[in-house]
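The values are calculated or read from the model by the stated rules, or taken from the named source; none is laboratory data. Just so it is clear, the model here is predicted, and its values are computed rather than measured. A quick note on method: Cβ atoms are made from the backbone with ideal geometry, for glycine too, and the neighbour counts reach across all protein chains shown.
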2 protein chains.
Amino acid sequence: MEKEIIGWIYEAAEKIKSGLGDALKVDQKNGRTDLVTNVDKEVQDFIVGKINAYDPDALILGEENGQDQTPIDKGRVFVIDPIDGTLNFVMQQENFCIMIAVYEDGVGQLGFIYDVMQDELFWGGPKVGKVFLNKEELAAPANQSLSEGLIGMNAALYRKNLYHAQEIGQTSMGIRVLGCAGLDFIAIIKGTQIGYVSMLSPWDYAAGKIMMEQLGMTVIGKNQQPLSFQGREFFIGATQAAMADIQAFDKENL
Amino acid sequence: MEKEIIGWIYEAAEKIKSGLGDALKVDQKNGRTDLVTNVDKEVQDFIVGKINAYDPDALILGEENGQDQTPIDKGRVFVIDPIDGTLNFVMQQENFCIMIAVYEDGVGQLGFIYDVMQDELFWGGPKVGKVFLNKEELAAPANQSLSEGLIGMNAALYRKNLYHAQEIGQTSMGIRVLGCAGLDFIAIIKGTQIGYVSMLSPWDYAAGKIMMEQLGMTVIGKNQQPLSFQGREFFIGATQAAMADIQAFDKENL
């Protein structure tokens, strides 16, 4: 299955790159800075077509085209973010990812995050027992504490200091705001960030969660509960040591 | 002169890259997250040696090795940041730059920003009348307003909401925190950010200022005064339209 999915991702990336420079049709979703383009929709349709041909019984949970309410916990579910970091895609023509994840009865099996313009594909999970960058197996990052590393941060959480975001940032070596969940997950998987604190939807975290857990790291949602896979929610992903430091800020009410 | 400087930069980058993976000697300067390594110092010494051999009369204003107090306004001054983004260099082994600028009697003539791991050299200024990415001339970015683009931001300014940093961020399409002034200048020069709001030292902004101005963009310091080239100071760099929007937040007391 992984071979087919990697093929779809590379083919989707070629479609995206061949259209760079063309006029985009940009629409707003939930506000001025929450954008969707014709390319997001076309790439999701392309990937959905591939999935339907490969496994007609699989379900799809995806950001675009009204496929955002599919439950995660029954059967095989493909979770798709055709362009993660749409604002970067529109404004920068770089710093965006294609993300796909495969869950079986609610259990993550394979995650894929492709940084299109850097041509770096991170993929793996329980089905293959490893995580790879392109064809090279990645070692688990060191289990660094919060004070030893950089942490990815959602700008609004930080500005409003929700969920102790500013204390978390101040305890770390520094925050980074990249505007693309996939790039934060890539940094964690590579070991260049020790965590990520944000508000995310299932398609934002589905692939990254699988690879982080495969590498011995932890993700949680609000009130230290598992992620719900239902709507946008508070998200922390970190090394185990950094997660313990973050949770210590407020055991009762994170 | 530019040919020689480009040669020094590539040679310095090879030194840096050949040492990646070696144990770093890391010291703190002004606090836990303000780091300097043996590599910063060695690279500054290497570049200073090249400058002294090329032009023994030139002065040097540089981040390391006690060369940080040289005045900008008399004779030829080389402004050097051997590794801009030292924290990224230590934590990530990527997302750092080598920066060199040449000023003549206080007037910027040539700026160079090299993203070492991406192998992208941005350089130019009045002496050559253009700005280049490697060998390709860059067009001036569109004169976008604040509400039309992404803006680079210093995390502490944003957290404390100094100088209207949060209002500026909220009016923009979004903030980015990259942890490396050189990367913010590169984004502005490429047209993928419309500006940058930060606290910077002369070696952080010397090269970027020259290239931004060459491309028709504007930089200012505190109270809408020119940058002082003396110590760390408030900095705004932006397209002309975005600068007007930023200045409108508080004409009296930016």
- Of all residues in segment A:187-203 being outside any strand (DSSP E or B) and hydrophobic (A, V, I, L, M, F, W, C), the one that is farthest from the other protein chains (Cβ to nearest Cβ): A:TRP203
- All positions within segment A:16-37 that are away from chain B (no Cβ under 13 Å), part of a strand (DSSP E or B) and free of Cβ contacts under 8 Å to residues at least 24 places away in the same chain: A:ASP27, A:LYS29
- Message: For the list (1) at positive phi; (2) within 13 Å of chain A (Cβ to nearest Cβ), I need the number of the one condition that B:ASN223 fails.
- Response: (2)
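Residue-by-condition table, conditions (1) outside the structural domain of B:VAL102 (by TED's automatic domain parsing); (2) surrounded by 24 or more Cβ atoms within 10 Å (Cβ to Cβ); (3) modelled with pLDDT under 95; (4) under 17 Å from B:ALA181 (Cβ atoms):
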position: B:SER201; (1), (2), (3), (4): yes, no, no, yes
position: B:GLY216; (1), (2), (3), (4): yes, no, no, no
position: B:ILE220; (1), (2), (3), (4): yes, no, no, yes
position: B:ASN223; (1), (2), (3), (4): yes, no, yes, no
- Item | Candidate set from segment A:70-95 (those that are over 11 Å from the mean Cα position of the chain (by Cα), within 14 Å of chain B (Cβ to nearest Cβ) and in contact (Cβ under 8 Å) with a residue 40 or more places away in the chain); member that is farthest from A:LEU183 (Cα to Cα) | A:VAL90
- All conditions in (1) under 18 Å from B:LEU110 (Cα atoms); (2) part of a loop (DSSP other than H, G, I, E, B) are true of B:GLN67 except (1)
- Message: Residue under question is B:LEU61, and the condition is that it be in contact (Cβ under 8 Å) with a residue 40 or more places away in the chain and buried (at least 21 other Cβ atoms within 10 Å of the Cβ); does it hold?
- Response: yes
- Among B:LYS190, B:LYS209, which is the only one that is surrounded by fewer than 19 Cβ atoms within 10 Å (Cβ to Cβ), under 23 Å from B:GLY124 (Cβ atoms) and not assigned by TED's automatic domain parsing to the domain that holds B:ASP40? B:LYS190
- Message: I'd like to check something: does segment B:54-69 contain any residue that is within 14 Å of chain A (Cβ to nearest Cβ) and of a type outside the set (A, V, I, L, M)?
- Response: no
